[in-house]
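**Q** Have a look at the structure that comes next, please.
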Amino acid sequence: MSSIVERIPVYEPPKSLSDVSSHYCPGCTHGATHRIVAEVMDELGLTDKAVGIASVGCSVLAYNYFECDMQQAAHGRAPAVATGVKRVRPELVVWTYQGDGDLASIGTNEVIHAALRGEKITVIFINNAIYGMTGGQAAPTTLIGQKTATTPFGRDKSWSGSPIHLSEMLALQEGAAFIARTSTHNPAHLGRTRAAIKRAFQTQLEGKGFSLVEILSTCPTNWGMTPVEALKWVEEQMVPVYPLGIFKDWQADGARSPAAAGAAAKSAKPAEGGK
Amino acid sequence: MQEVLIAGFGGQGIMSLGQLLTYAGMAEGKQVSWMPSYGPEQRGGAANCSVVLADGEDIGSPIVSEPDAAIVMNAPSLDKFEPAVRQGGFLVVNSSLSGRPAGRSDITVLEIPATELAGEMGNARVAGMIALGALVELTGMVSLQSLVDSLPKVLKAQLVPLNVEALGRGQTLAREGAPARAR
Amino acid sequence: MTKSASSAPAGGVPVLMKGNEALGEAAIRAGCRAFFGYPITPQSELPAYMARRMPEEDGVFLQAESELAAINMVYGAAGAGVRVMTSSSSPGISLKQEGISYIAGAELPAVIVNIMRGGPGLGSIMPGQSDYFQATKGGGHGDYRLVVYGPATVQELVDLTIRAFNVADRYRSPVMILGDGILGQMMEPVVFPTEKPAEVAKPWATTGRQGTRGRNVVNSLYLAAEELEAHNLRLQAKFAEMHSNEVIYESIIPEGAEVVCVAYGTTARVVKSAIAMARQEGIKVGLIRPISLWPFPDEAFVNLPDTVRSVLTVEMSAGQMVEDVRLALNGRLPVHFYGRMGGMWPIPRDVLAEIKKAAGREAGVAR
């Protein structure tokens, strides 16, 4: 894990990030993640050759916040839209930005098939265990016992099933070249998130296949917490359920069989601090 | 306008027969259309196709409901399409597999043991080609030569000589063997 | 993928081709660069043809995981500025409606093919025309229109497919080819044009800024009601322009016609056969054949001769286009309807009987 730790550079607004106020709630980690994506685009020189795909959910307006060309996709379909762009213009760098309702519920089919095709796109997957835009309903990522607008007594496993482990599933697909889960709950983890996003884009630039970074994020508004409480909740409640780490990396285990990748995914441990 | 229906079961080359007739009509400068029946079964089920040949006028319905001429290659096709043939029309029956003689007396019927004859020629799959050779001889809707010339469009090259022979066999049968029952 | 020698049929001379395959070739000749599809009978020959031919043209063929994915791949590719097409048959077209609404809302040019089969539900794989409402009245959510073409011959299928790409680019709007299982499956001689398609500039497309311009955004979201209404007013102005410019129809009204039939697609061919039979029996019958189903050719129904006593609409449906016929006639003439459903098609003799009823001559009386 130590290899993906980097410093956060200080400090000027990334050129790839639009100089506008966002609609995100105070304390929500979308803002930090947007900044990181924009920083990586700056660093890799992607602004002029990237097409971002916004999805449906809180990040629906992402097309207003990035300076590269953008498309806005139907709910869950961003990987299909990205496929359309990438297949006809393979020279572009194509990425999607999707929440957990969009990607892990209505859009599971699209993301799984994009991964198994080895679609050379990069997916930024925001997992905050809830639907934000529509007012705090349960998502496939909602934790057992977590209260939401549609699980008012807490998510009941026998009724609504268990949290989805999308990264682990996707890592099983041979076409997936880089799959990582990171978190946003403190600056060190933001640094790892930045390193993972950079590697995901590099995966695409080098034509290695599908790349995705699942980012554990907060939703203070719908969780009913202060931003600080929310960050703590990610660390204490989400991380144990969603282990952090790299589940697939073409550089490290490009030749690994899907079965072995699956075993690795099962044994993946929360990331510790760097050496 | 000549409306033709060719029917049998999947694997008898019904669709290729229809396409061959269509290519031959096209080669003679006619308006042509070919329409297959299509169903969930890919092999072995009932198969039929409609061919329409026209001189000058545009072709209306591509699906033939009352054929001027028909080839029926098995018993279910005889039962289904014999009644549909237009009065004064033509019907070629594969008597090897038809189970019964045709009953119409207001049309020209030619019964040929096409499957047996094809077997004698070494390949049962050319049975339909014998029937088609007979039909064009009976009706004159296209020339046998146009069929022969169009064979490479629907068959692999190595199959062409045997099929030319089969077409000729059908032509001879229609010419020499008088129709089983004239109208 | 290895590039193989071109298997393209010759242009400028008649070649015998299946409707579905001719459609694919027409799209390629119109400059279609990408095709995203999903198997469904009776259109499966079209994706199979594209799978074979697109690599020869350095184009993209991709079998999507679903119709939903396919139409959204179309959205992405259209947004990236290339000519793109998808095809399906009725149930699959229902699945695509969300995407079509987005394509219309985001003002992207794309061609969508529906080779209709019987419905509702899974229905059958046999031909139908029961998606007329869906195609011409909106289909998906929101106020939008598609130009919809109903070809009747394989040649017309080819010509209208090429036209569809041009119209889609001209208006930045999706265009639908509404065929049926018969047209898709039948073979007829067809002549492909030899001229190359015109290059259309798409400065709005997301092709990457390439250091030459600001950001392009492909989008159908307008959260402020005033902005969405303004967007809708702009779309409506475009649809009005399409309505005035894109009407196509065939009208054959003989002098002294008693009845005028209205039919589109292959049904119109059956009706033509029935009209020929009626003529032999001394009944003069006209035909109005809408080719653009939206915009519907209202103008074909004005100034019908005084001899016309009634209108007979024939469809492979329970009666969908007949509503537009009634609107166009606005009560000036009685409108009869004859339809077959579920994959059954009208046959000329039955249409003839309906013509006689519409002419006030019961069957058998006319001779």
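**Q** With B:G88, B:G133, B:G119, B:G128 as the choices, which residue is modelled with pLDDT of 95 or more, of a type outside the set (D, E, K, R) and part of a loop (DSSP other than H, G, I, E, B)?
**A** B:G88
**Q** Moving to a separate point now. Quick one: in segment C:236-253, of everything that is surrounded by fewer than 15 Cβ atoms within 10 Å (Cβ to Cβ) and of a type outside the set (G, A, S), which residue is nearest to C:R163 (Cα to Cα)?
**A** Looking at the filtered set, the residue picked out is C:N245.
**Q** Now for a separate question. Would segment B:65-78 turn up any residue that is crowded, with 21+ Cβ neighbours inside 10 Å, part of a loop (DSSP other than H, G, I, E, B) and within 11 Å of chain C (Cβ to nearest Cβ)?
**A** no
**Q** How many of the residues making up segment B:119-154 are more than 13 Å from B:L21 (Cα to Cα), over 15 Å from the mean Cα position of the chain (by Cα) and not acidic (D, E)?
**A** The qualifying residues number 5.
This table checks each residue for (1) under 17 Å from the mean Cα position of the chain (by Cα); (2) under 21 Å from A:K232 (Cα atoms).
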position: A:Y131; (1), (2): yes, yes
position: A:T141; (1), (2): yes, yes
position: A:I144; (1), (2): no, yes
position: A:P152; (1), (2): no, no
position: A:K157; (1), (2): no, no
position: A:E168; (1), (2): yes, no
position: A:A171; (1), (2): yes, no
position: A:G175; (1), (2): no, no
position: A:H185; (1), (2): yes, yes
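**Q** Hey, another quick one. Scanning segment C:53-110 for residues that are assigned to a helix (DSSP H, G or I) and acidic (D, E), which turns out farthest from the other protein chains (Cβ to nearest Cβ)?
**A** That would be C:E56.
**Q** Which of the residues spanning segment B:88-97 are crowded, with 23+ Cβ neighbours inside 10 Å and under 18 Å from B:G11 (Cβ atoms)?
**A** B:N94, the sole residue that qualifies.
**Q** So, one more: Do you know which residues across segment A:41-61 are surrounded by fewer than 24 Cβ atoms within 10 Å (Cβ to Cβ), among the hydrophobic types (A, V, I, L, M, F, W, C), more than 7 Å from chain C (Cβ to nearest Cβ) and part of a helix (DSSP H, G or I)?
**A** Residues satisfying the conditions are A:L44, A:L61.
**Q** Right, another one. Of the residues A:I130, A:I106, A:I124, which single one is hydrophobic (A, V, I, L, M, F, W, C), surrounded by fewer than 24 Cβ atoms within 10 Å (Cβ to Cβ) and modelled with pLDDT of 95 or more?
**A** A:I106
**Q** Still on this structure, I have one more. Taking the criterion of being modelled with pLDDT of 95 or more and within 12 Å of another protein chain (Cβ to nearest Cβ), would at least one residue in segment C:161-170 satisfy it?
**A** no
**Q** Mind checking which residues of segment A:71-112 are more than 10 Å from chain C (Cβ to nearest Cβ), in a helix (DSSP H, G or I) and of a type in the set (S, T, Y)?
**A** Residues satisfying the conditions are A:S105, A:T108.
Listed here are the residues, each with its yes/no results for (1) part of a loop (DSSP other than H, G, I, E, B); (2) touching a strand residue (DSSP E or B) at 6+ places or on another chain (Cβ under 7 Å).
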| site | (1), (2) |
| --- | --- |
| B:V4 | no, yes |
| B:L20 | no, no |
| B:Y38 | yes, no |
| B:V51 | no, yes |
| B:G60 | yes, no |
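**Q** Looking at (1) in contact (Cβ under 8 Å) with a residue 12 or more places away in the chain; (2) within 27 Å of C:L293 (Cα to Cα); (3) out of contact with any helix residue (DSSP H, G or I) (no Cβ under 7 Å at 6 or more places or on another chain), which is the only condition C:T207 fails?
**A** (2)
**Q** May I pose another question? Go over the candidates A:G84, A:G31 one by one and state the one that is among the small types (G, A, S), without any contact (Cβ under 8 Å) to a residue 40 or more places away in the chain and surrounded by fewer than 18 Cβ atoms within 10 Å (Cβ to Cβ).
**A** After applying the criteria, what remains is A:G31.
**Q** As an exercise: evaluate A:S158 against (1) closer than 26 Å to C:E65 by Cβ; (2) surrounded by fewer than 21 Cβ atoms within 10 Å (Cβ to Cβ) and give the number of the one condition it does not meet.
**A** A:S158 satisfies every listed condition except (1).
**Q** Next up: If I go through segment C:103-148 residue by residue, how many of them are in contact with a Gly (Cβ under 9 Å, 6 or more places away or on another chain) and among the basic types (K, R)?
**A** Qualifying residue count, segment C:103-148: 2.
**Q** Pick out the one residue from A:A188, A:A196 that is under 24 Å from A:P14 (Cα atoms) and crowded, with 20+ Cβ neighbours inside 10 Å.
**A** A:A196 is the lone residue from the list that is under 24 Å from A:P14 (Cα atoms) and crowded, with 20+ Cβ neighbours inside 10 Å.
**Q** Identify all residues within segment C:1-54 that are crowded, with 22+ Cβ neighbours inside 10 Å, in contact with a Lys or Arg (Cβ under 9 Å, 6 or more places away or on another chain) and of a type in the set (S, T, Y); write none if there are none.
**A** The answer is C:Y49, and nothing else.
**Q** Scan segment C:190-204 and give yes if some residue there is crowded, with 21+ Cβ neighbours inside 10 Å, away from chain A (no Cβ under 14 Å) and on the phi < 0 side of the Ramachandran plot, otherwise no.
**A** Yes, that holds for at least one residue.
**Q** Take C:A263 and tell me if it is within 16 Å of the chain's Cα centre (by Cα), not assigned by TED's automatic domain parsing to the domain that holds C:A168 and not basic (K, R).
**A** yes
**Q** Any residue in segment C:309-323 that is among the aliphatic types (A, V, I, L, M), buried (at least 23 other Cβ atoms within 10 Å of the Cβ) and closer than 21 Å to C:R145 by Cβ?
**A** There is at least one residue in segment C:309-323 that is among the aliphatic types (A, V, I, L, M), buried (at least 23 other Cβ atoms within 10 Å of the Cβ) and closer than 21 Å to C:R145 by Cβ.
**Q** Hey, another quick one. Filter segment C:205-222 down to the residues that are closer than 24 Å to C:A104 by Cβ and within 8 Å of chain A (Cβ to nearest Cβ) and list them by number.
**A** C:T206, C:T207, C:R215, C:N216, C:V217, C:V218, C:N219, C:S220, C:L221
**Q** Can you name every residue in segment A:113-133 that is away from chain C (no Cβ under 14 Å) and in a loop (DSSP other than H, G, I, E, B)?
**A** Correct list: A:N128, A:A129, A:I130, A:G132.
**Q** Quick check, is B:P62 in contact (Cβ under 8 Å) with a residue 40 or more places away in the chain and either in contact with a helix residue (DSSP H, G or I) (Cβ under 9 Å, 6 or more places away or on another chain) or within 14 Å of chain C (Cβ to nearest Cβ) (or both)?
**A** Answer is no for this residue.
**Q** Any residue at all in segment B:4-23 that's more than 14 Å from the chain's Cα centre (by Cα) and within 13 Å of chain C (Cβ to nearest Cβ)?
**A** no
The values are calculated or read from the model by the stated rules, or taken from the named source; none is laboratory data. From a predicted model like this one, the values you see are computed outputs, not experimental measurements. Counting neighbours? That spans all protein chains shown, and the Cβs are built from the backbone with ideal geometry, glycine included.
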